[in-house]
Ligand SMILES: Cc1ncc(COP(=O)(O)O)c(C=O)c1O
């Protein structure tokens, strides 16, 4: 029997569970909106221009987001998964290819690779940060490697410089999966445009939210054009709607004008919200520093701004007389302090084996390939970390000071019990 995590839910479901466990007056409801969103939505509604083909709201947001991320080009898309599909499509990933990914991520990072009939190859994580370890990336490079996806997990940034340098050395493009990392910075610069392409999500639980939504950023003009065509069912930016000639395969992954308007309005609050999350994170750091056995995830040296989509720390049962993480999470839940155990080890999930056994994969790679794959994709650090991690969500970090006071008292009580 596979071991299950205490809570291991998709991001959107987790947000709902967390909201249920929360004390409403201490954690603000999410999303935050006011007249700005109402005005933006009403304007689009009344214009009758609801798709990006004839409206201006998506294009206006793209300009804003390109500026924010310091990218030459930004393309808004239907969601973060679509952003990854566009990036991999632009790079021409396909059957026979390998794409290096971290195992500590949401399944979408891996699903996007599988949609192209390529094979995800896991580079294990650094136990101190839970970000992908560049040494493990180097070990996984083979002649089949066609891309590396670096995930900025929880809004932190790992050793991006080393991963980008590895990509350059081996001529392998790097994609930043920054779905959780709006406003995160590496060496003082916004994440997104440091590799070939960067991908963001604006799904409902994210720090920047339009219900569903995503974006691809790049500094490469040719890639930006291909990205546009890919997300627009193969039609280039300047191709008139009446012209039916196509250069590449694509899909319809467009964002609506309503979401474009929502995002521009939401952008007016992200700085203030990010500051509040950072302040709360510092307070939680201080509280945890007093409890041996609860260790906040380290922020890598070049991560000059952590976006705190999640606040992650490690729970070591041995330091609490063997009381399990599941018991600890129950203790917090009883006190209306919503926390989660986060991801299950992705490399052990059955979807991989089941996908590799399909006709297409067997045809493209053969049986022996996957036996070898299993041996080199064990990722013991990830497995251990998945069993010990604890998450607070970004809305928890927007909570009232009283919430942090409660957390302090609750941790002290847990410590005394032992
Ligand atoms: C790391 C990561 N990549 C990709 C995605 C996919 O984004 P979306 O849910 O908008 O498709 C998510 C969403 O949770 C994510 O956390």
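The values are calculated or read from the model by the stated rules, or taken from the named source; none is laboratory data. None of these values were measured; they are calculated from a predicted model. A quick note on method: Cβ atoms are made from the backbone with ideal geometry, for glycine too, and the neighbour counts reach across all protein chains shown.
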Of the residues in the range 310-327, those that are part of a helix (DSSP H, G or I) and either within 30 Å of residue 178 (Cβ to Cβ) or outside the structural domain of residue 412 (by TED's automatic domain parsing) (or both) number 1
Would the range 98-113 turn up any residue that is over 28 Å from residue 298 (Cα atoms), in a loop (DSSP other than H, G, I, E, B) and away from the ligand (no atom under 16 Å from the Cβ)? no
Would you confirm whether or not the range 296-304 contains a residue that is in a helix (DSSP H, G or I) and surrounded by fewer than 17 Cβ atoms within 10 Å (Cβ to Cβ)? no
By residue number, the members of the range 199-218 that are more than 9 Å from the ligand (Cβ to nearest atom), more than 14 Å from residue 273 (Cβ to Cβ) and crowded, with 24+ Cβ neighbours inside 10 Å are 210, 215, 216, 217, 218
Looking at (1) in a helix (DSSP H, G or I); (2) away from the ligand (no atom under 15 Å from the Cβ); (3) farther than 23 Å from residue 261 by Cα, which one does residue 93 not meet, given that it meets all the others? (1)
Residue 103 fails exactly one of the following numbered conditions: (1) over 30 Å from residue 371 (Cα atoms); (2) buried (at least 16 other Cβ atoms within 10 Å of the Cβ). What is the number of that condition? (1)
Need pairs with beta-carbon distance below 8 Å; first residue in contact (Cβ under 8 Å) with a residue 12 or more places away in the chain and within the range 208-226, second part of a helix (DSSP H, G or I) and surrounded by fewer than 18 Cβ atoms within 10 Å (Cβ to Cβ); sequence gap 6+ or separate chains. 208/267; 208/270
For the range 8-76, please list each of the helices (runs of 4 or more DSSP H) lying entirely inside it that holds at least 1 residues being within 16 Å of the ligand (Cβ to nearest atom), closer than 30 Å to residue 196 by Cα and at pLDDT below 95. 11-21
Within the range 132-140, is there a residue that is within 13 Å of the ligand (Cβ to nearest atom) and touching a residue at least 12 places away in the same chain (Cβ under 8 Å)? yes
Count of the range 141-162 residues which are surrounded by 24 or more Cβ atoms within 10 Å (Cβ to Cβ) and either over 17 Å from the mean Cα position of the chain (by Cα) or more than 16 Å from the ligand (Cβ to nearest atom) (or both): 1
